[in-house]
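Trainee: Take a look at this one; I'll ask things after.
Every number in this text was worked out from the coordinates using simple rules, so none of it is lab data. All values reported here derive from a predicted model rather than from experimental measurement. FYI the Cβ positions are ideal-geometry reconstructions off the backbone, even for glycines, and counts take in every protein chain you see.
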Amino acid sequence: MEGLNNTTIYNTPVLKRAVSVLESNLDQFLFIIMGLCLLFMQSGFALLEAGSVRSKNVTNILIKNVCDSFICGVSYWLFGFAFAYGEGNQFIGYTYFAIDGLPADRYGYFFFQFTFTATAATIVSGAMAERCEFMAYFSFSLIMTGFIYPLVTHWTWWHNGFLVQGTDYGGDIGRVGYRDFSGSGVVHTVGGTAAFVGAAILGPRIGRFDPVTGAAVFIRGHSIPLSTLGGFILFFGFLTFNGASQMSLSKAGDGEAISLAIVNTMITATFASFTATFVYRIPRFGSGAWCITVASNGAITGMVASCAGCNILYPWGSCVLGITAGITYHVWCWVVRTVRVDDPTDAVAMNLGGGTLGVIAVGLLDREKGVICKWNRHSGLFLGWQLAGMVVIMCWTAFWSAISFGIMRWMKILRVPEDIELKGLDIPRHKEPGYPVESYGHGHVEKIIQILESTPMEIFQGYANMAMTSEELNDKGPYEHPEIAAERRRSSIAMRDIHMDAVPRRSSVSIHQLHEKGSHEHPEWRPPFSHQLNHTITEVEENGSIDSSEFANTRTKRGSKGYENAVFQEHQTIKGNIVHNSHALYTIGENGSQESQQDKETNKHTGSVTAISSATITRF
């Protein structure tokens, strides 16, 4: 060993091969770990979308998010990856169908790109929520993940794609082409464009826009906690999304590049969230309140915008981009409402708005060839290629999306029937409500089930009278008690007119049938609306019979649209010779505060009688 020095040792073939194997393993490890994080990002989309829709459509939106990944797994494996990263010409690849012939050391790369594809497809589901047929969305997801998105990635991320190749201008300028580090244009502009076209062709939800004035009517999602938690998961996902797009962990400078990408993403999201929130605080542009939904969506818009250039921007550039993204979010929300496109999750504003902004920002803020940083002919050509690439991506996606959704609309398979939309898609389409009655666990329903096991009787629940036996207990409708309770608290004008002394204490009215006229979800009731509330109180007679309790004739007039009828029924549960009667009546004082009066009685009776608490809102 005397004649060997360090250079000789490091240049031995065995050591070179060991280093090469280690580098390859590190890069594959990066793809697998980051791909798993991106797959977890799907749960963020699922939660955000589930919280943004009404409770009658939760199951429907969740199954779409679950199936997105599996639909993508089939289509991308069979031909999507071949179109995107197979050897071919500048327009399309045509090798590695069903990844046949793909080297084993590129399997991690395939998995990583699969998660990107699933993300692009999921964007569309939120914009078309609550009224799209499941099979129609299923079909478009196949087209999106197997054809539309893969070709865009071939043009922009494969070494010989025509957008990434650009044009060689010679001299000091050299070759100039389109650049998109982690997908502001490739992923989010594609998804946002498809979402906009799909929502426009599908049409708005019933009641979203006033038929006479055209004014937008706010339809609130059912769970702020779910959508906020989904936003947090997406924050985590975007950091891995942008950091992993370096595509390597083994070369010199990779660590620095990944760190810069993550830091810039964090800065952009921070300033975008603050900007969107403060703009919404201005009464002219928002409600004047601190809104968690706007804060979360603003941050997501900023992260989407950062994808294209998070590896080449100065941190101060990311700050400027974040402020612009926060404003862009509100501008796109306004544009979407103005053209009367219904987007329940603001997917278009976050993805199309943030994506296009990110693509343009690269041409302006690139620290080496952006127009602001390097004012010369090369920077002008670079900005032009960014704009051209964005237009090509949008036109390609819009064309195939319009054809796909247009054919499905012509075949009348795109949208659910009106009665199904009003009832909600969970039960008619999936037989599986997101919030079944028995899930509330307040004890009453569990008692009812025990009684039904021994004493078959007629009950009603949700939106129809139905004969039930002890053999089967099906959930026939969503149980909207939390929303009804919230509506009762908001209806201060109606509740002031309730005079407890005028309510009869004993009644002999039989159980009334709830008429099925439409939605079991309350829309957003906003003042000034006139409310009238007439109600009677159920009381159990000494002979064991049950009288009816009905809160009826609460109507809200919305232009010439019609009336909303709220029916709330609350009965007692009686088992054996014990009756538990717990009925809460709410009144609103002159100062707007809510007071409760509890009327609790425990009486002994004979017989076995059961009644259900049900809450229904129907549209005439």
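Trainee: Tell me the label-point distance for the pair E23, Y107, using the 7 Å Cα-to-Cβ offset, in nm and rounded to one decimal.
Mentor: 2.3
Trainee: I've got another one for you. Grab the eigenvalues of the alpha-carbon gyration tensor for the range 122-173, scale each by 5, take roots, and send me the semi-axes largest first in whole angstrom.
Mentor: Numbers: eigenvalues 270, 26, 7 Å².
So the three semi-axes of the range 122-173 are 37, 11, 6 Å.
Trainee: Around V336, what is the net charge, scoring Lys/Arg as +1 and Asp/Glu as -1 over all other residues with Cβ under 9 Å from its Cβ?
Mentor: Numbers: positive: R337, R340; negative: D342, D343, D346.
Result for the local shell: -1.
Trainee: Once label points are set 7 Å from the Cα along Cα→Cβ at both K251 and R340, what is their separation, rounded to one decimal in nm?
Mentor: The modelled label-to-label distance comes out at 5.3 nm.
Trainee: Any idea what log10 I(q)/I(0) is at q = 0.21 Å⁻¹ for the range 1-144, Debye with uniform C-alpha scatterers and no solvent?
Mentor: The Cα Debye sum returns log10 ratios of -1.20.
Trainee: Between the range 81-110 and the range 151-207, what is the separation of their alpha carbon centroids in Å?
Mentor: About 19 Å separates the Cα centre of the range 81-110 from the one of the range 151-207.
Trainee: Let me ask you something else. In the range 22-423, what is the count of Lys pairs whose alpha carbons are under 23 Å apart, counting only pairs at least 8 residues apart or on separate chains? Don't skip to the end; give the middle numbers.
Mentor: Details: K56/K64; K56/K412; K56/K423; K64/K412; K64/K423; K412/K423.
Number of lysine pairs found: 6.
Trainee: In addition: So, counting K/R as plus one and D/E as minus one, what does the shell of residues with Cβ under 10 Å around I420 add up to?
Mentor: On the way: positive: R131, R415, K423, R429; negative: E133, E418, D419, E421.
Neighbourhood net charge equals 0.
Trainee: Still on this model: For the range 329-350 and the range 291-325, what is the separation of their Cα centres, given in Å?
Mentor: After rounding, the separation between the Cα centres reads 18 Å.
Trainee: A further question follows. Can you pull out the chymotrypsin sites (Phe, Trp or Tyr not before Pro) in the range 62-94 that DSSP calls coil and that have at most 16 other Cβ atoms within 10 Å? Walk me through the numbers on the way to the answer.
Mentor: Details: sites: F70, Y76, W77, F79, F81, F83, Y85, F91, Y94; in loops: F91, Y94.
The qualifying sites are F91, Y94.
Trainee: Per q in 0.09, 0.14 Å⁻¹, report the Debye log10 I(q)/I(0) for the range 22-423, using one uniform scatterer on each alpha carbon and no solvent.
Mentor: After summing over all Cα pairs, the log10 values are -0.50, -1.25.
Trainee: Arrange the following residues from fewest to most other Cβ atoms within 10 Å of their Cβ: L163, L226. The partial results should precede the final answer.
Mentor: Numbers: L163 24, L226 19.
Sorted ascending by nearby Cβ count, the order is L226, L163.
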